[in-house]
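The values are calculated or read from the model by the stated rules, or taken from the named source; none is laboratory data. Everything quoted here is computed from the prediction, not taken from an experiment. Positions of Cβ are generated from backbone atoms using ideal geometry, with glycine treated the same way; all protein chains shown enter the neighbour counts.
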Amino acid sequence: MYPSGMFKVLENQKHLRRKDTHTMAKDNVIELKKPEAFVDDPITDVLRTGARKLLTEALEAEIEAFLSQYRDLKDNRNLQRVVRNGYLPEREIQTGIGPVAVEVPRARDRQPDQESGPIRFKSSLLPPYLRKTKSMEELIPWLYLKGISTSDFSEALAALVGKDAPGLSAPTISRLKSIWQEDLEQWQKRDLSHKRYVYIWADGIYCNVRMEERQCLLVIIGATEDGKKELLALDSGFRESELSWMESLLDLKHRGLKAAPKLAIGDGALGFWKALAKVYDNTSWQRCWVHKTANILNKLPKSIQAKAKEKLHQIWKAPDKAEAQSHFDDFISIYEAKYPKAARCLEKDRDVLLTFYDFPAEHWRHIRTTNPIESTFSTVRLRTAKVRSCFSSKTVVTMAFKLCQCAQKKWQRLHSSKKLAKVIRGITFVNGIEENRIAA
């Protein structure tokens, strides 16, 4: 999501001069020096200058288009009523390449209408109170889920977008959190009666931030009838808890999502599956191959993991289910004697690992894993010890919601989405091919 090198100075909390009560060993503390403005970086300076030029040109084109709409409108002296009137005071917009100074053109209505008031120019590119770009809105929740506290945001943002990060102080971040929480609450109450999701992906995500009672983020993404992936549900709960997932699924149903998804994809450890069987009992199950592979490799010595991984890949890469079953049997026979736990881990989910063969082959790349969720949260998923600070579940869910909103715009639409209509109608697919085509 962001260049890997960009966040190295912030990746570990001991690299930040935190303002909490925790103490650290002196030799473990690395001082984070506040960087100078980006002008010392000639490449970034050129980029910023170019961005300002393009933005200026776009604003000029925008006000010219605005004035042309009223070119024939005259005042009582037969002069053009709406004219240019210089610029608003210069302001800086925080962007991913640092602050960019801009001047927004201004228009004047020489003879305002007494009832409707003056005609005003409002830039759609730069609304009056815009102080940061959309990429910055994505950066803020990302930092938060990394474990950066509100009081440390100014320093963290300075390291990423320039000296002092003006306009992004702790009070500003707090105000943004309140706005985003309201957005989340409205989104969680939205009507779903007009929606249909053919596939859903589910996972429980532990982030670097610690939530109350060892809770995690319960995430469900759905694929609509036209193949568009959308965030369907997001809340806090317990990953292995049937009750937590039951609450989420029942809430979807109560808000109008009556039609059961045709396929659900997720990790086998989730309490999601027991809940799904009770709420949408006709939905087929597909275990995530990424999770399953990781679980199996954890039960094998490191010296043979690479070879075992190749064997596992042979299973789900097979062109048909018969060949996949053959590779499945090969893996069991090779590793069962010495590593029975690894063999059992694979064997117990044989059927639900191969469900994807009963769906269009063009969709296999999407439905074999929970990649839509993994790719969104990969940079904030818990990989090491969590940060010491405990964050409220409400705030963590809010930040995750904002992160998903930004990521959703980049989610890949399903290939050959027209075939979803056939999946909905219940047409049988054998090894990814429509059954009547095989007969022909």
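Scanning the range 406-429 for residues that are surrounded by fewer than 14 Cβ atoms within 10 Å (Cβ to Cβ) and not in a helix (DSSP H, G or I) yields Lys409, Lys410, Gln412, Arg413, Ser416, Gly426, Ile427, Thr428. Contact annotation: residue pairs with Cβ atoms under 7 Å, 6 or more positions apart or on different chains, pairing a residue in the range 407-434 that is of a type in the set (Ser, Thr, Tyr) with a partner that is surrounded by 14 or more Cβ atoms within 10 Å (Cβ to Cβ) and not in a loop (DSSP other than H, G, I, E, B), are Ser416/Glu362.
Counting only helices (runs of 4 or more DSSP H) wholly contained in the range 239-319, the ones carrying 2 or more residues that are closer than 25 Å to Arg190 by Cβ and not polar (S, T, N, Q) occupy 242-254, 272-279. Taking into account only those residues within the range 319-331 that are surrounded by fewer than 15 Cβ atoms within 10 Å (Cβ to Cβ) and more than 24 Å from Lys262 (Cβ to Cβ), which is nearest to the chain's Cα centre (by Cα)? Only one residue tops the list, namely Glu323.
Select, from Thr355, Thr376, Thr398, the only residue that is surrounded by 15 or more Cβ atoms within 10 Å (Cβ to Cβ), modelled with pLDDT of 95 or more and among the β-branched types (Val, Ile, Thr). Exactly one residue qualifies, and that residue is Thr355.
Sub-6 Å Cβ pairs linking a first residue in the range 249-261 that is within 17 Å of Trp285 (Cβ to Cβ) to a second residue that is among the small types (Gly, Ala, Ser), at least 6 apart or interchain, are Leu249/Ala275, ordered by first then second residue.
Across the range 94-117, the number of residues qualifying as assigned to a loop (DSSP other than H, G, I, E, B) and modelled with pLDDT of 85 or more comes to 5.
Residue-by-condition table, conditions (1) under 19 Å from Asp235 (Cβ atoms); (2) modelled with pLDDT under 55; (3) not charged (D, E, K, R):
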{"position": "Ala156", "(1), (2), (3)": "no, yes, yes"}
{"position": "Ser174", "(1), (2), (3)": "no, no, yes"}
{"position": "Ile179", "(1), (2), (3)": "no, no, yes"}
{"position": "Lys189", "(1), (2), (3)": "yes, no, no"}
{"position": "Asp203", "(1), (2), (3)": "yes, no, no"}
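Just the residues that are at pLDDT below 90 and among the aliphatic types (A, V, I, L, M), please, taken from the range 76-93. Once the filter is applied, which keeps residues that are at pLDDT below 90 and among the aliphatic types (A, V, I, L, M), the range 76-93 yields Leu88, Ile93.
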